[in-house]
Amino acid sequence: MPRPLITLVAPAIVLGSSHALAQALPDHATELAPVTVEASRLYRELYTTPMAVSEVDEQAISQGQQRVRLDESLALVPGLFIQNRDNFAQGQRVSIRGFGARAPFGVRGITILMDGIPYTLPDGQAQLDAIDLDSARQIEVIRGPAAVQYGNAAGGVVSVTTADGRGEGPSTTRLHASGGSDGYAKLAVQNGGENGPWSHHISASWLQLDGYRDHSRAEKALFDAKLRYQLDDDRALGLTLNLLDNPVAEDPGGLTREQADDDPRQAGRFTEDYDTGQKVDQQVIGLHYEDLAFGPGALYLRGFTSWRNFEQQLPYPGDSLIDYKRNYYGGSAEYHQRMHLGDLPLDVMFGMDVAHQEDDRHRREIAFDGSDLGEVANESQSADSLGLFAQGDLALSDAWTLSLGGRFDHVALEVDDDYQDDGDQSGKRTFDETNGSLGISYRYLPYHQIYANTSTAFETPTFSEFANPDGTGGFNPDIEPQRAWSRELGARGSLGELDYDVALFSIDVKDELVPYEGSSGRTFYDNAGDTSRDGIEVALGWQPLDSLRLDSALTLARYRFDHVSGSNLDGKRLPGLPETTWNTQLTWFGQGSDAARRFATLETQYVGDMVADNANQVDVDDYWLVNLRAGDGWRLSSGNVVSGYIGIRNLFDEAYYANVRINANNDRYFEPAPDRSFYAGLELTF
């Protein structure tokens, strides 16, 4: 059975999905573009999907953008908040409805996928440094818990799909060069096409950035390739290759408020003396097989393996020099089938995920004067995960669809301690978790839907979060997974030129994992108690003219500690989370419908105030940002296209913080953001 076809269509501008820059159709009432949701794993047409999901198309990802950081593409996704866009050593911190906010670096609590390969590890951590936005064609965001689909650490999902060459003709090549403020320079080249049953897409880029702050230089090279062979009408094989070389990513560290006010460009204490930052190289290989006529259904198989070498110097004396070598591999199998329950159509999917992570980790002691005092930790960390899951959509009528899903996960984390000077700190923790989801969708008109769902989710501490605050190795015996129960009510639709997407959510979390910095400056974690996240997400898109479009995404939320034993945190805000965000884009289009089309976009971003610590003693002010970008293109007589763009970020030179370090030691909470900055780029397509 082939992948379910879309028999009904959805608006060309998918609201809440950042199709904000898609071209207007001449008649919204009679010609609408189809939209399929794939991140939910049970492929659905948008208006039968009983969950909040956003889709970002290629034009929104690339048009006038640097294509360096994920927040560029996801500005119009409500419920999502990204910090730390300017510290390449710590990486961007992604939160969805509050999940992921605790991460001091990288990503926690959110599932990251690229071309179906999970970049979230079995222990729940993920990195964004290898995501290739130059070749990205679509990004899907599930804006809420998705443990039934992805298991551990799925408080939300960000799924990136890159080009595979289909639809690009025999051969299409793009050369791209851009530069700008703070030493920003980037070169990129892409080639893609199809020849008979073969198709391919190759992307390579090189990035250099001096950085706004002292000691914030970064260099990164990225290579991404996909090769596909169509065996016959129903079967295909695919190969993916992703290579990352990040030899320089300096960490300027956090500042006190007084330091940030006095000189926002300065680096924090110890950073330059210790040369803080990280070096990374990573290789990922994936294989994919699909058989759309596997008996009465469709079979999808995927396997992958990756290697990552990592070295990092943290900005404090003590056990602050880290390195590891990682091997991570796994696979998945999914079977999809359309059947009937009585006279009612039933779409079902059964699947299995398996993964193994093996880290060879070391820590070294750095003295106050910066000298290396030798090794203080040497351990092997291994994590195994197994997930068995099933989902089903029952069409109760033409308008009503009932969705049900369940998943069992087994997660095993083990540490084998090879450093015996402080005794054997080896240990093992295992977790068996069962989660479910129930949803209902009512499509009361062809382009209007109301839905509701409830689901559960879980999140184990990562290896780094299991660290013992008493300074010994092994596992912290007092820390446990956090568990969540989510309820959601939403509506989406199209009223001619107006698209809307509204979602109400309420999430209760038990044993919330919260970071704090010990006296040495190292980050540890504990279960702070029960918390709640409640809010509303609204995204609107209005296209009064073919040449003009307005998109806006508003999030109003309440993130609170509910009950924390032995403390006075009850009723206080969760740190690191604004409870109001509002992003708006107004775009004007010139004539034309291809890469040579002229455009200009005015973007405003409002981020509400937040707190930086559990006790709510450190306030962080709200701020407004205004960004501009514009571009034009020229089709040459040869048929080739030259396009260019310019952009200004922080037009009015607003002072704000790009990152807030939660519960930081010595009041070093703040990482100042750049002032007004410029960038420009040229691209040749032939």
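Here are a few things to note about the model shown:
Rundown of residues vs (1) more than 18 Å from D261 (Cα to Cα); (2) surrounded by 15 or more Cβ atoms within 10 Å (Cβ to Cβ); (3) touching a helix residue (DSSP H, G or I) at 6+ places or on another chain (Cβ under 6 Å); (4) not β-branched (V, I, T), yes/no style:
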| position | (1), (2), (3), (4) |
| --- | --- |
| A630 | yes, yes, no, yes |
| W634 | yes, no, no, yes |
| N640 | yes, no, no, yes |
| R649 | yes, yes, no, yes |
| F652 | no, no, no, yes |
| Y657 | no, yes, no, yes |
| N663 | yes, yes, no, yes |
| R668 | no, yes, no, yes |
| S677 | yes, yes, yes, yes |
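- Looking across the stretch 91-109, the residues that are part of a loop (DSSP other than H, G, I, E, B) and out of contact with any strand residue (DSSP E or B) (no Cβ under 7 Å at 6 or more places or on another chain) come down to G91, F105.
- Taking (1) open to solvent by 20 Å² or more (accessible area, probe 1.4 Å); (2) at pLDDT below 90; (3) touching a strand residue (DSSP E or B) at 6+ places or on another chain (Cβ under 7 Å) in turn, A39 satisfies each apart from (1).
- Close pairs from the stretch 91-103: first closer than 19 Å to A218 by Cβ and open to solvent by 10 Å² or more (accessible area, probe 1.4 Å), partner among the aromatic types (F, W, Y) and at pLDDT below 90, Cβ under 6 Å, at least 6 apart: G91/F105
- N435 vs. criteria outside any strand (DSSP E or B), farther than 16 Å from V376 by Cα and touching a helix residue (DSSP H, G or I) at 6+ places or on another chain (Cβ under 6 Å): no
- R443 vs. criteria among the basic types (K, R), over 24 Å from the mean Cα position of the chain (by Cα) and within 19 Å of V53 (Cβ to Cβ): yes
- Residue match in the stretch 342-350 (condition: at pLDDT 95 or above, assigned to a strand (DSSP E or B), of a type in the set (A, V, I, L, M) and more than 30 Å from the chain's Cα centre (by Cα)): yes
- Residues that are more than 28 Å from the chain's Cα centre (by Cα) and within 29 Å of F105 (Cβ to Cβ) within the stretch 634-686 comprise N666, D667, listed in sequence order.
Condition check ((1) open to solvent by 20 Å² or more (accessible area, probe 1.4 Å); (2) closer than 28 Å to Y669 by Cβ; (3) more than 21 Å from the chain's Cα centre (by Cα); (4) among the polar types (S, T, N, Q)) across all residues:
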residue	(1), (2), (3), (4)
A553	no, yes, no, no
L556	yes, yes, no, no
D562	yes, yes, yes, no
S565	yes, yes, yes, yes
G576	no, yes, no, no
Y606	yes, yes, no, no
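- Note on the stretch 452-537: enclosed strands (runs of 3 or more DSSP E) holding 2 or more residues that are on the phi < 0 side of the Ramachandran plot and modelled with pLDDT under 90 are 513-517, 523-527.
- The stretch 127-145 - residue that is under 26 Å from D501 (Cβ atoms) and touching a Lys or Arg at 6+ places or on another chain (Cβ under 9 Å) and, of those, surrounded by the fewest Cβ atoms within 10 Å (Cβ to Cβ): L128
The values are calculated or read from the model by the stated rules, or taken from the named source; none is laboratory data. Just so it is clear, the structure is predicted and the values come from calculations on it, not from any experiment. Counting neighbours? That spans all protein chains shown, and the Cβs are built from the backbone with ideal geometry, glycine included. The accessibility values were calculated without ligands, DNA or RNA, using every heavy atom of the protein model including side chains. Shrake-Rupley method; radii C 1.70, N 1.55, O 1.52, S 1.80 Å.
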